[in-house]
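Enquirer: Quick one: the structure is below, questions incoming.
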Amino acid sequence: MAAAPFRRLLAALFALGLLTASPVASASATAAPRPPVASFADILPAPVSAVPAAGVSYTLRRTDTLSSDVPGIGGYLAAVLRRSTGYPFRVGTAPGAIALLLSGAPASVGPQGYRLDVTAHGVTVRARAAAGLFAGVQTLLQLLPPSVQGSRVVKTARWTLPGGRVIDHPRYAYRGAMLDVARHFFTVAQVERYTDQLAHYKIDYLHLHLTDDQGWRIAISGLPRLTSHGGSTEVGGGRGGYYTEADYRAIVRYAQARYITVVPEIDMPGHTNAALSSYPRLTCDGVVPRLYTGMNVGFSSLCVRSKATYAFLETVIARLAALTPGPYLHIGGDEAQSTSRADYAAFVNRVQAIVAARHKTVIGWHDIVAATLRPSTVAQFWSSTTGRPGDRAVAAAARRGTKVIMSPASRAYLDMRYTSATRIGADWAGRIDVSKAYDWNPGAYLPGLPASAVLGVEAPLWTETVRSSADLDYLAFPRVAAIAELGWSPASSHSWPRFRVRLAAQGPRWRAEGVRYYRSTQIDWPAGS
Ligand code: TNX
């Protein structure tokens, strides 16, 4: 058999997208009614402005091509469209039916915004920078039927977008999600999967909580026991795991391709049992603590007065800064309950200097306002209250110029149970069903905190009870979409009655993408989703 030429022909067809590796949904499934054309009213997060053009629509065709001023974004969109439509979608620079342009967007959209037009002739996204173009592409995908998010070709679908214009830009520069990979370890593939899901909602920071009492998850050259010993278990006593430098770089690159910046966190001086157990010179008394697989907090601390601690932190921070292209390093700083206030402040001050020497900006949990903060240092507000002395100290720091990321535990913590019936999660900050996660204003939440001090929002997912991607999906969705909307959409668009309708339209998209979301009874999910 003339195998080689045949293989070459197959490869060529494959490259053109005329053949596909994904399974083709059976044509006998035509009995299912076609989903209606998506609506501008369903775009989530809600855009600044969306004006439908009555009677106008555009339907993708097999012969359509795609042009992009940013090849990576053209490639990303073409890959998503090929997987679901089965059409070849050649990517070039000659004007195509879908055009992604770095020209012609109004100045008002800024570096992260875009303008999107759907006419009878095609779809155009215009932006002033690549991040804006990528955001526009996410809106474009939401204007296609839900099965566009699937991983199989749907032959029976009509790929129609409603006509009209969207002009859009974010309310806040920082729109984050945090994943705790220390309490339970999540593989590179699992983190990438979550990153893909977050990108749909215009999240632009992925904060990785890389170290805690139960595990140290990032290899640091020169300190091998941090991972070989400190990374060897997790909550409940499982095998744990860690990222090699190559793994971490892969996550950073994957996120970068989705215009998401990784913020690595090394939690200190508390939450350090795994490090102390790996290198007893970091303790004050030299007694080697055993690895910890429980769920308590606040019992461990680096020895904040010893030289060895700062030598260790120099090494760790230098390595992490070298591996991280983004501007921020998160130093934790929460729940240092076994350190005196004066020692704690002195420690945070020294660590700020170590990070600054590596040309990075510090983020810390809001407890760090007890130190003397550098002007660039950012505090992440995580309290479940707003009127206690600690809360007022955050507002006071903000009035002195400290920027704040809002993650109030009673609203934004994805590990809180939805209701008393939720099978996993915690409830120390209360129960958070979707309306509670959505119905607050980050700019006016903490009394005395100037709205201008808010850098953005973040939804943390602590993983003491989260063991799999199914668990992660269940706690993150739909709530992470609520926090994403608070970060992106204008405050004037805030409306729970309208949000719950927009959110319902995401159900079929999550189903198509394989996201096992929580079907909150507060939302009228469409049948079959
Ligand atoms: C508090 S919030 C913590 C974490 C826990 C979380 C569980 C914060 C800065 N610290 O160590 O995982 O509660 O909900």
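Enquirer: Hey, does region 343-358 have a residue that's buried (at least 21 other Cβ atoms within 10 Å of the Cβ), within 16 Å of the ligand (Cβ to nearest atom) and part of a loop (DSSP other than H, G, I, E, B)?
Expert: No.
Enquirer: So how many residues does region 445-467 have that are within 16 Å of the ligand (Cβ to nearest atom) and either touching a Cys at 6+ places or on another chain (Cβ under 7 Å) or not aliphatic (A, V, I, L, M) (or both)?
Expert: Total meeting the criteria: 7.
Enquirer: Now for a different question. Of these, T465, T521, which one is surrounded by fewer than 21 Cβ atoms within 10 Å (Cβ to Cβ), in the same structural domain as K202 (by TED's automatic domain parsing) and more than 20 Å from F40 (Cα to Cα)?
Expert: One residue alone meets the criteria, T465.
Enquirer: Something else now. Return only the number of the condition from (1) out of contact with any Pro (no Cβ under 8 Å at 6 or more places or on another chain); (2) within 16 Å of the ligand (Cβ to nearest atom) that V148 does not satisfy.
Expert: Status for V148: all satisfied but (2).
Enquirer: Shifting gears a bit: Which of the residues belonging to region 196-208 are away from the ligand (no atom under 16 Å from the Cβ), outside any loop (DSSP other than H, G, I, E, B) and touching a strand residue (DSSP E or B) at 6+ places or on another chain (Cβ under 6 Å)?
Expert: Listed by number, the residues that qualify are L198, Y205, L206.
Enquirer: Would a scan of region 466-473 turn up a residue that is of a type outside the set (G, A, S), in a loop (DSSP other than H, G, I, E, B) and over 21 Å from the mean Cα position of the chain (by Cα)?
Expert: no
Quick grid of which residues meet (1) at pLDDT 95 or above; (2) closer than 22 Å to H207 by Cβ; (3) of a type in the set (K, R):
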site: S338; (1), (2), (3): no, no, no
site: R358; (1), (2), (3): yes, yes, yes
site: G364; (1), (2), (3): yes, yes, no
site: T372; (1), (2), (3): yes, no, no
site: T385; (1), (2), (3): yes, no, no
site: R399; (1), (2), (3): yes, no, yes
site: A412; (1), (2), (3): yes, yes, no
site: D415; (1), (2), (3): yes, yes, no
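Enquirer: For region 475-496, what are the residues that are touching a residue at least 40 places away in the same chain (Cβ under 8 Å), more than 16 Å from the ligand (Cβ to nearest atom) and in a helix (DSSP H, G or I)?
Expert: A481, A482, A484, E485, L486, G487, W488, A491, S493, W496 - these are the residues of region 475-496 that are touching a residue at least 40 places away in the same chain (Cβ under 8 Å), more than 16 Å from the ligand (Cβ to nearest atom) and in a helix (DSSP H, G or I).
Enquirer: Here is a further query. Going through G430, G448 one at a time, which residue ends up being surrounded by fewer than 24 Cβ atoms within 10 Å (Cβ to Cβ), touching a Lys or Arg at 6+ places or on another chain (Cβ under 7 Å) and on the phi > 0 side of the Ramachandran plot?
Expert: Of the residues listed, the single one that is surrounded by fewer than 24 Cβ atoms within 10 Å (Cβ to Cβ), touching a Lys or Arg at 6+ places or on another chain (Cβ under 7 Å) and on the phi > 0 side of the Ramachandran plot is G448.
Enquirer: All but one of (1) touching a Gly at 6+ places or on another chain (Cβ under 8 Å); (2) away from the ligand (no atom under 14 Å from the Cβ); (3) more than 15 Å from S306 (Cα to Cα) hold for G364, so report the exception by its number.
Expert: In the conditions (1) touching a Gly at 6+ places or on another chain (Cβ under 8 Å); (2) away from the ligand (no atom under 14 Å from the Cβ); (3) more than 15 Å from S306 (Cα to Cα), G364 misses (2) alone.
Enquirer: When you scan region 294-311, how many residues do you find that are part of a loop (DSSP other than H, G, I, E, B) and surrounded by fewer than 17 Cβ atoms within 10 Å (Cβ to Cβ)?
Expert: Total meeting the criteria: 8.
Enquirer: Could you run through region 404-422 and say how many residues are within 16 Å of the ligand (Cβ to nearest atom) and either in a loop (DSSP other than H, G, I, E, B) or of a type outside the set (G, A, S) (or both)?
Expert: The number of residues fulfilling the criteria is 13.
Enquirer: Among all residue pairs at least 6 apart or on different chains, which show Cβ distances below 8 Å where the first residue, located in region 433-445, is free of Cβ contacts under 8 Å to residues at least 24 places away in the same chain and the second is of a type outside the set (D, E, K, R)?
Expert: Correct list of pairs: A444/A451.
Enquirer: Also, I was wondering about something else. Please note which strands (runs of 3 or more DSSP E) are completely contained in region 96-149 and include at least 1 residues that are within 24 Å of R509 (Cβ to Cβ) and touching a residue at least 60 places away in the same chain (Cβ under 8 Å).
Expert: Answer list for region 96-149: 114-119, 122-126.
Enquirer: Condition first: among the hydrophobic types (A, V, I, L, M, F, W, C), within 16 Å of the ligand (Cβ to nearest atom) and farther than 19 Å from T233 by Cα. Now tell me which residues in region 243-268 satisfy that.
Expert: V263, M268
Enquirer: Now for a separate question. I'd like the residue in region 174-190 that is more than 15 Å from the ligand (Cβ to nearest atom) and touching a helix residue (DSSP H, G or I) at 6+ places or on another chain (Cβ under 7 Å) and, out of all such residues, is nearest to I203 (Cα to Cα).
Expert: Selected residue: R175.
Enquirer: Here's a follow-up. Go through region 226-239 and give me each residue that's surrounded by 19 or more Cβ atoms within 10 Å (Cβ to Cβ) and within 16 Å of the ligand (Cβ to nearest atom).
Expert: E234, V235
Enquirer: Which numbered condition in (1) surrounded by fewer than 17 Cβ atoms within 10 Å (Cβ to Cβ); (2) away from the ligand (no atom under 16 Å from the Cβ); (3) not in a loop (DSSP other than H, G, I, E, B) is the only one that S221 fails?
Expert: (3)
Enquirer: Show the residue pairs that are 6+ apart or on different chains and have beta-carbon atoms under 7 Å apart, the first residue being within region 57-68 and in contact (Cβ under 8 Å) with a residue 60 or more places away in the chain, the second being surrounded by fewer than 18 Cβ atoms within 10 Å (Cβ to Cβ) and aliphatic (A, V, I, L, M).
Expert: S57/V37; Y58/A120
Enquirer: Go through region 296-351 and give me each residue that's closer than 20 Å to I220 by Cα, basic (K, R) and touching a residue at least 40 places away in the same chain (Cβ under 8 Å).
Expert: R319
Enquirer: Suppose we filter A246, A255, A250 for residues that are in the same structural domain as A371 (by TED's automatic domain parsing), of a type in the set (A, V, I, L, M), free of Cβ contacts under 8 Å to residues at least 60 places away in the same chain and farther than 25 Å from V351 by Cα; which single one remains?
Expert: A246
Enquirer: Related question: What are the residues in region 256-303 that are among the hydroxyl-bearing types (S, T, Y) and within 30 Å of Q112 (Cβ to Cβ), if any?
Expert: Y259, T261
The values are calculated or read from the model by the stated rules, or taken from the named source; none is laboratory data. Everything quoted here is computed from the prediction, not taken from an experiment. Glycine also receives a Cβ, built like all others from the backbone with ideal geometry; neighbour counts cover every protein chain displayed.
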